[in-house]
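Taking it in order: structure first as structure tokens, then the write-up.
The values are calculated or read from the model by the stated rules, or taken from the named source; none is laboratory data. Nothing here was measured: the structure is a model prediction, and the numbers come from that model. All Cβ positions, even for glycine, are placed from backbone atoms using ideal geometry, and neighbour counts span all protein chains on display. Note: accessible area is taken over every heavy atom of the protein model, side chains too, but ligands, DNA and RNA are not part of it. Shrake-Rupley method; radii C 1.70, N 1.55, O 1.52, S 1.80 Å.
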Amino acid sequence: MAKIKLSEKIGYALGDAAAGGITWKIMSIAFPLFFTNIFGLTFADAATLMLVARLFDVVTDPIMGSLADRMQSKWGTYRPFLIFGALPFGLIFALLLQTPDFDITGKRIYAYTLYLAMMAIYTMVNVPYGSLLGVMTDDDNEKNQFSSFRMVGAYAMGFITLLSFPYVQKMVGGTEQHQYSMIGIFFGIIAAVMTFACGMMTKERLKPKRAEKYSGKQFIDLVKNVPWLYLTAISVCTNFFNGFRYAAAGYMFTYCLGGDITMGHLIINYTVFMTFGELTCMIFGGISPWFTKKMGSKKKAFMVAAIICLAFSVIFFFIPMKASWIWVMVAIVILTSMGIGIYSPLLWSMYSDVADYATEKNGTSSTGLIFSSGTMAQKLGTAISGALVALFLGIAGASMTTDASGNSIVDPASITPSVLNMIWSLFSLFPAIIAALMIVLLIKYPIKK
């Protein structure tokens, strides 16, 4: 197979720049704080919303993967979902960041409807996007390159998104509700354009070995696929690891560090703080293929990356909870993100290995179904961790009250030392436990490629 052009790899990277770098990044880091402190839901409402959405995804993701495997069109098997799903993808995201002037019941209905719709369209676009990796090339080195470009695209756009967040807010002005509304529209348009471009710039070179008809056998084969079981558990862990950190970051800055930290013209808020990690992930995502070659296998490289994440997450817990230590915190986030940057491209390349294993064992392709589990794990880990953050803060004592306008807000009197310690642990010790579990699963993972 001829060497694939750089322009196509950039085109493929645009897909995760839109999904992972814009929509999912904002949903992961801003939504927990947005729903409780700006939109007006209680901690219990926000936690329940995310948990219900995850149960929804457990059903829709594998169904979408199976349906995508059977698509036949002049645009290919998986590309049509990106081309025709781009517009609703950006539109629903924009609507989700609006704050309608409804009572609490109306807000609950609006939030549930739009959040579930966003999860559905994300599934419709992102499952086929991940599956593209299995049909663009059969060269393992090229797959690693595509996967690396994907992660660099996601982290580069994540860096731009999070870094620009407070400056876009400042430029827009007005109330926080208005700021988030404009941010939703601005980034929704960019995400839609990038998704469409990805669909148009990529090419499907391999024909999937399609099952003759839709049946439950493929799901039975899937749960018998031991490498898939381990890799899906590992994938859930990677997303729990990031999910706790991103969901806790906003609360950490608001309550533990006393709000945004201004140094001259530099504003360090919770989104800017996490951009240091995004930039590091982008760099080490590019290094990942080289590092994997040096280590001799994807499994060994992943193991080293997980150990890095474990060690520096524990170290972060012992940093004093003071704004004056911000640069030490930044340094630890950067060091932790070295591990994340290395393992992120490996995860999707390993899903391709599992898909190849399944095709060889069962005689028919289940690429879309297998890659859908990666997307499901992403949403499951990120959203459940976000829900757990809200739940644990409630258990620690944080509660809601009503302001003069009748809106639900966090009660400042409920932010006790136990709540602050819980927030700090959710950013450090909870991810460390997840990283340790990840290492145990990697030891058991059977594919040594």
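Being small (Gly, Ala, Ser), buried (at least 21 other Cβ atoms within 10 Å of the Cβ), more than 22 Å from the chain's Cα centre (by Cα) and under 27 Å from Ile189 (Cα atoms) narrows it down to one of Gly85, Gly90, Gly40, so name that one.
Residue meeting the stated conditions: Gly40.
Identify, from the list Ala358, Ala301, Ala331, the residue that is part of a helix (DSSP H, G or I) and open to solvent by 10 Å² or more (accessible area, probe 1.4 Å).
Every option except Ala331 fails the conditions.
Hey, does region 262-277 have a residue that's open to solvent by 30 Å² or more (accessible area, probe 1.4 Å) and assigned to a helix (DSSP H, G or I)?
Scanning region 262-277 turns up at least one residue that is open to solvent by 30 Å² or more (accessible area, probe 1.4 Å) and assigned to a helix (DSSP H, G or I).
Taking the residues in region 385-409 that are surrounded by 21 or more Cβ atoms within 10 Å (Cβ to Cβ) and modelled with pLDDT under 75 as candidates, determine which candidate is nearest to Ile234 (Cα to Cα).
If we take residues in region 385-409 being surrounded by 21 or more Cβ atoms within 10 Å (Cβ to Cβ) and modelled with pLDDT under 75, then Gly386 is nearest to Ile234 (Cα to Cα).
Within region 254-285, how many residues turn out to be touching a Leu at 6+ places or on another chain (Cβ under 9 Å) and of a type in the set (Phe, Trp, Tyr)?
Residues that pass the stated criteria total 3.
Out of Arg79, Arg70, I need the residue that is surrounded by fewer than 16 Cβ atoms within 10 Å (Cβ to Cβ), over 21 Å from Ser28 (Cα atoms) and touching a residue at least 12 places away in the same chain (Cβ under 8 Å). Which one?
Of Arg79, Arg70, the one residue that is surrounded by fewer than 16 Cβ atoms within 10 Å (Cβ to Cβ), over 21 Å from Ser28 (Cα atoms) and touching a residue at least 12 places away in the same chain (Cβ under 8 Å) is Arg70.
Please pick out the residue among Ser344, Ser337, Ser349, Ser324 that is of a type in the set (Ser, Thr, Tyr) and farther than 27 Å from Gly153 by Cβ.
Ser324
Answer yes if at least one residue in region 313-326 is assigned to a helix (DSSP H, G or I), free of Cβ contacts under 8 Å to residues at least 40 places away in the same chain and crowded, with 17+ Cβ neighbours inside 10 Å, and no otherwise.
No, every residue in region 313-326 fails to be assigned to a helix (DSSP H, G or I), free of Cβ contacts under 8 Å to residues at least 40 places away in the same chain and crowded, with 17+ Cβ neighbours inside 10 Å.
Any residue in region 249-260 that's farther than 15 Å from Thr416 by Cβ: show its pairings with residues that are aromatic (Phe, Trp, Tyr) and in a helix (DSSP H, G or I) at Cβ separation under 6 Å, as long as the two are six or more apart or on different chains.
These pairs meet every condition: Ala249/Tyr270; Gly250/Tyr270; Met252/Phe427; Phe253/Tyr270.
Evaluate region 252-260: report whether one residue or more is touching a helix residue (DSSP H, G or I) at 6+ places or on another chain (Cβ under 6 Å), open to solvent by less than 10 Å² (accessible area, probe 1.4 Å) and part of a helix (DSSP H, G or I).
Yes, region 252-260 contains a residue that is touching a helix residue (DSSP H, G or I) at 6+ places or on another chain (Cβ under 6 Å), open to solvent by less than 10 Å² (accessible area, probe 1.4 Å) and part of a helix (DSSP H, G or I).
Where residues in region 353-371 are at pLDDT 70 or above and touching a Pro at 6+ places or on another chain (Cβ under 7 Å), which of them is farthest from Met50 (Cα to Cα)?
Tyr357
Looking only at region 278-298, count every residue that is of a type in the set (A, V, I, L, M, F, W, C) and either open to solvent by less than 30 Å² (accessible area, probe 1.4 Å) or closer than 26 Å to Ile26 by Cβ (or both) and tell me the total.
Matching residues across region 278-298 total 5.
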